[in-house]
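Report on the following structure.
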Amino acid sequence: MQAAAEIVAERGAAAATLDEIGVRSGASRSQLYHYFEDRDDLIRAVIDATTNAVLGAQGELLEHLDSWAGIDRWFQALVNLQIDRQARGGCPLGTLAGQLAERDVRFRTAIADGFSRWEQHLRDGLERMRESGKLRPHADPARLATATMALLQGGLLLTQVRRDAGQLRIALEGARALLRAAAL
């Protein structure tokens, strides 16, 4: 899995052949087929591993999205990560979406599930904020979470192509303004 994920991250899913994965991992084709039905099965596993890595990198921050301070810490951590990466790489899940979403419905579905898992953390936090009176009673946490994720993804894309982490900061300022408009 590690070798496959590295190859996909470095050169894209199209370059991830079973032979190259085997060479990098030291596994034979028969070993790969023992764990994965075929290359597509391995790529779906890479999608799942990438989702887990994206969520894992955000760790505890995702569990504290039920306060303005928690959301601000999450946003700042995302910007800091882009600063540390010198605005390179973009979003690993977004990159996979660009490469795979139109190729196979199973890839698209796996990527959509990954984004849903990520978005669910924010939705849950916003629901807790609404229940505690920090958001208006009619605020829609699902719609707010989706809009925030769209701004986040757009900000990551602009950060990557412009090599400027300020692009993500601007997008997240827009997300914060949207969220605050739903506050009491």
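Out of all the residues in the stretch 58-66, is one or more touching a residue at least 24 places away in the same chain (Cβ under 8 Å), assigned to a helix (DSSP H, G or I) and farther than 15 Å from Glu119 by Cα?
no
Please work out which residue is surrounded by the fewest Cβ atoms within 10 Å (Cβ to Cβ), limiting yourself to the stretch 126-157 and to residues that are assigned to a helix (DSSP H, G or I) and polar (S, T, N, Q). Please lay out each step first, then the result.
Of the stretch 126-157, the ones assigned to a helix (DSSP H, G or I) are 126-131, 141-157.
Of the ones still in play, those that are also polar (S, T, N, Q) are 146, 148, 153.
Details: Thr146: 16, Thr148: 25, Gln153: 18.
Going through the qualifying residues, I end up with Thr146.
Out of (1) touching a helix residue (DSSP H, G or I) at 6+ places or on another chain (Cβ under 8 Å); (2) crowded, with 18+ Cβ neighbours inside 10 Å; (3) not charged (D, E, K, R), the odd one out for Gln160 is which?
Of the numbered conditions (1) touching a helix residue (DSSP H, G or I) at 6+ places or on another chain (Cβ under 8 Å); (2) crowded, with 18+ Cβ neighbours inside 10 Å; (3) not charged (D, E, K, R), the odd one out for Gln160 is (1).
From the set of residues in the stretch 76-110 that are among the aliphatic types (A, V, I, L, M), in contact (Cβ under 8 Å) with a residue 60 or more places away in the chain and over 16 Å from Gly56 (Cα atoms), which is surrounded by the fewest Cβ atoms within 10 Å (Cβ to Cβ)?
So in the stretch 76-110, the residues among the aliphatic types (A, V, I, L, M) come out as 77-79, 81, 83, 87, 93, 96-97, 100-101, 105, 110.
So of that shortlist, the ones also in contact (Cβ under 8 Å) with a residue 60 or more places away in the chain come out as 78-79, 83, 87, 96, 100, 110.
If we keep only those that are over 16 Å from Gly56 (Cα atoms) as well, we get 79, 83, 87, 96, 100, 110.
Values: Val79: 20, Ile83: 13, Ala87: 20, Leu96: 24, Leu100: 23, Ala110: 21.
Ranking the qualifying residues of the stretch 76-110, first place goes to Ile83.
Considering the stretch 63-109 alone, what residues qualify as being of a type outside the set (A, V, I, L, M) and in contact with a Ser or Thr (Cβ under 6 Å, 6 or more places away or on another chain)? Explain how you work it out, then say what you get.
Residues of the stretch 63-109 that are of a type outside the set (A, V, I, L, M), as a first pass: 63-64, 66-68, 70, 72-76, 80, 82, 84-86, 88-92, 94-95, 98-99, 102-104, 106-109.
Gln82, Pro92 - these are the residues of the stretch 63-109 that are of a type outside the set (A, V, I, L, M) and in contact with a Ser or Thr (Cβ under 6 Å, 6 or more places away or on another chain).
Counting only residues that are surrounded by fewer than 17 Cβ atoms within 10 Å (Cβ to Cβ) and over 14 Å from the mean Cα position of the chain (by Cα), how many does the stretch 28-57 have?
13
Among Arg88, Arg169, Arg176, Arg123, which is the only one that is part of a loop (DSSP other than H, G, I, E, B) and of a type in the set (Lys, Arg)?
Numbers: Arg169 fails: part of a loop (DSSP other than H, G, I, E, B); Arg176 fails: part of a loop (DSSP other than H, G, I, E, B); Arg123 fails: part of a loop (DSSP other than H, G, I, E, B).
It is Arg88.
Look at the stretch 91-120 and say how many of its residues are over 18 Å from Leu151 (Cα atoms), of a type in the set (Gly, Ala, Ser) and not in a loop (DSSP other than H, G, I, E, B).
1
Go through Ala112, Ala97, Ala16, Ala45 for me and flag whichever is under 26 Å from Val161 (Cβ atoms), modelled with pLDDT under 95 and among the small types (Gly, Ala, Ser).
Working: Ala112 fails: modelled with pLDDT under 95; Ala97 fails: modelled with pLDDT under 95; Ala45 fails: under 26 Å from Val161 (Cβ atoms).
Matching residue, one of Ala112, Ala97, Ala16, Ala45: Ala16.
The values are calculated or read from the model by the stated rules, or taken from the named source; none is laboratory data. Fair warning: this is a prediction, and the values are worked out from it, not measured in the lab. Note: ideal-geometry Cβ built from the backbone for every residue, glycine included; neighbour counts use all protein chains shown.
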